[in-house]
1. Which far-off residues, 5 or more places away or on another chain, put their amide H under 5 Å from the one on C:Val172, with H placed in the peptide plane?
2. Provide the per-residue ³J(HN,Hα) series for segment A:182-199, in order, calculated from phi with Karplus coefficients 6.51, -1.76, 1.60 and θ = phi - 60°, each as a whole number of Hz, with x at glycine and proline positions.
3. In which sequence would A:Asp180, A:Asp143 go, from the one with the fewest C-beta neighbours within 10 Å to the one with the most?
4. Counting other beta carbons within 10 Å of each Cβ, put A:Ile176, C:Ile68, C:Ile42 in order, fewest first.
5. Which value, in debye to the nearest 20, gives the size of the charge dipole of segment A:74-178 about its Cα centre, when Lys and Arg are +1 and Asp and Glu are -1 at the Cβ?
6. What average count of beta carbons from other chains do you get within 10 Å of the Cβ of residues in B:37-43?
7. Identify which of C:Glu182, C:Glu87, C:Glu95 has the largest mean-square fluctuation in a Gaussian network model of chain C, with springs joining Cα atoms closer than 10 Å.
8. For C:Ser110, project a label point 7 Å along Cα to C-beta. Then give me every residue of segment C:127-161 with its amide nitrogen under 15 Å of that point.
Amino acid sequence: MSERLVTRGFVGRRGLPERGNRTPPGQYLTTDFPVLSAGPTPHTPLDKWSLRVEGLVAQPVEWSWAQFNALPSREYVVDISCVTKWTKLDMRWHGVSVDTLLGAVDLDPKAAFVIAYCDGGYTTNLPISDVVNDQAFVAYGYDGAALAPEHGGPARLVVPGRYFWKSAKWIRGLRIVEKDVPGFWEGFGYHNRGDQWLEERYSGD
Amino acid sequence: MDEHTLDANAVAGMLHEVFGAEMTDHASECAHCGNRAQVGTFRVYDMHGPGVVLRCSICAEIVIRLVRRPDGSYLVDASGVYLKSG
Amino acid sequence: MAGLAWEVATVAALRDETPHVKTLSLDVAGWSGHRPGQHVDIRLTAEDGYQAQRSYSIASAPSVESRIELTIERVAGGEVSPFLHDEVAVGDRFEVRGPIGGYFVWDGGSTDPLLLVAGGSGVVPLMAIVRHRAAVGSSAPCTLLFSSRTPADIIYGAELETLAARNDGLRVVHTLTREQPEGWTGYSRRIDAQMLQDVLGTASGSANVFVCGPTPLVEVAATSLVSLGLPSSRVRTERFGPSGG
């Protein structure tokens, strides 16, 4: 095995890892917002778009685009960490708290997990306890403008306390379930929970 | 149209690592729609994300998914494609 | 087939092609040759172990030497290309693996007409094909349809003129999308179906086509070519993503 060849003068476009309050372990700071997705950008027309909360609820609820935009919403300024090691600070989103969405239904006593499902087939899973108390929101604005399709528009889930693969783009619904169901990456090598402060990147971490 | 889409050429080196041979000129058949084409025609998504997703250029279903583990090994799901060997 | 291992490449020479494009000549340890259209992966390692990896098409034609050329566009704000442009000096070393690729390759054995469609730095792998065609004296008629922003941005402009002047069946058709020289009578718009139909002429049925450049250009060209009647198996594409390289 040859020794690693260091490239003279190469630093890479990243900040130094900060051991401290804002950069999770193993991450580097970036100012970019890379476009990452597991599939082609869907283009659901807004008049066909809806967001549902269904599953272990007394009555499912569905909002049209107009109804969703009329829900109480606010600006969120949060840091985002991707499992590929970049962290972006102070991202400005606008959206609806998941508390507001779950508050519109009666959860069954057995309800324990949320499966977010999206246009294009992507899914991700979270315990309900990880998305309540303003820990998650459905964003439709970014940096003062409408959320662009390539970044998940018209609306995406954002869970700042988890690696960014949990912030599902093109979200169309939250399915409330009793038993956890690993999502797209959770079922293929990645950690089920994905807490970036505990470096829960891969299954088995 | 997605201006960020690439073709399998972009991950040819990784495919070679995973499968042990140059793959982009390999004949393949999509398990979803039956499209017959070379692996090089697959569309690549997420090559800088958690894993690499390759999709059929005709039906856009997933043909191959790859995750590089921290120890350098790969998780491979090629259930979406029939590959011709040799 | 040999496994794909990282080898050490030493920078032997640097050459400016245009204000934003530079060619690096590399001596690669253990290099065993390549086919026109193939690329290499390069890997840069910082002192603390951080690594960045990118793929670059090989610009040079296959030769018996272990020296290859990579032509790289400087992408503002990029992590690797500004480093390769601004920092790298003759004698520097980094890791390279290759050659890679088997789909986007033209070996020169066919005499079928060859259509090469390039957008900006997408011309790089196509130039390896053009150079190889000239080196082996191929009689395959070859048209290069090449989109650039301005005359100063035409990569390999002088060399292409020289090669086309040999009258050996190579034709170079430029389109300049942002700025044209005084008296320009050529194309001045983005590549579209009409332009492709014009340059294809009567060669559509049997042509081998290679399209390389930014993804939007490749998508328009590939879709147009198939709608003009070319079998999709004869239209090979290499998308560079949004930035062109």
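1. Excluding prolines and chain starts, which carry no amide H, the hits are C:Leu144.
2. Residue by residue, segment A:182-199 yields x, x, 3, 8, 4, x, 9, x, 9, 5, 5, 9, x, 6, 6, 7, 9, 6 Hz.
3. A:Asp143, A:Asp180
4. Arranged by neighbour count, lowest to highest, A:Ile176, C:Ile68, C:Ile42 become A:Ile176, C:Ile42, C:Ile68.
5. Using Cβ point charges on Lys, Arg, Asp and Glu, segment A:74-178 gives about 300 debye.
6. Details: counts 3, 5, 2, 8, 7, 1, 4.
Taking the mean over all residues of the peptide, I get 4.
7. Greatest mean-square fluctuation among the candidates belongs to C:Glu182.
8. Taking a point 7 Å out along Cα→Cβ of C:Ser110, the residues of segment C:127-161 whose backbone N falls under 15 Å are C:129-130, C:133, C:139-143.
Computed from the coordinates by the stated procedures, all read-outs in this text should not be read as laboratory data. As the structure is a computational prediction, the values presented were derived from the model and not from experiment. Don't worry about glycine lacking a Cβ; one is built from the backbone with ideal geometry, like all the others, and counts go over all protein chains shown.
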